[in-house]
Amino acid sequence: MGHCEMQLAVAGLSPKALRDHTQRLASGDWSSFTPAEQAAFAFARKLARPPAVTAEDFRTVADHFGRERAVDVAWWACRCCYMTCVADALQLPLEAGNVFDPFPPRVPASDRR
């Protein structure tokens, strides 16, 4: 299982929702996602390919998420690009399944009452 898919599974997506979500992402037609999600995807895609992102690219993400959350988007995109480079360089195989399956799903604080 790819690490992106595993993160979505850990976030609580069902196998069908995960499949649908990744298919929509991979299609390149992101019109069914929110404008904020589309901005984050475009930022991550541009970050993963030369030329590098610009200050304007970051401002676009910040306009949707706010400055602090935009830093989170940039950090996660950079981390994922780095992990992909390391995995590719070392020829690490992807996991066959979600290694977090044995753990119960995270329950939001609002639902713990």
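We did not get these values from a lab; they are worked out from the coordinates using the rules stated. Note that the structure is a prediction, hence the values are computed from the model and not measured. FYI the Cβ positions are ideal-geometry reconstructions off the backbone, even for glycines, and counts take in every protein chain you see.
Tell me, yes or no, whether region 59-81 has at least one residue that is touching a residue at least 60 places away in the same chain (Cβ under 8 Å) and under 25 Å from PRO93 (Cα atoms). Step through it out loud before you land on a result.
As a first pass, look at region 59-81 and keep what is touching a residue at least 60 places away in the same chain (Cβ under 8 Å): 80.
Remaining after also requiring under 25 Å from PRO93 (Cα atoms): 80.
Yes, there is a match, as at least one residue in region 59-81 is touching a residue at least 60 places away in the same chain (Cβ under 8 Å) and under 25 Å from PRO93 (Cα atoms).
Put simply, of VAL53, VAL10 the only residue that is crowded, with 16+ Cβ neighbours inside 10 Å and of a type in the set (Val, Ile, Thr) is VAL53. Scanning region 1-33 for residues that are assigned to a loop (DSSP other than H, G, I, E, B), without any contact (Cβ under 8 Å) to a residue 12 or more places away in the chain and more than 14 Å from the chain's Cα centre (by Cα) returns SER14, GLY28, ASP29, SER31, SER32.
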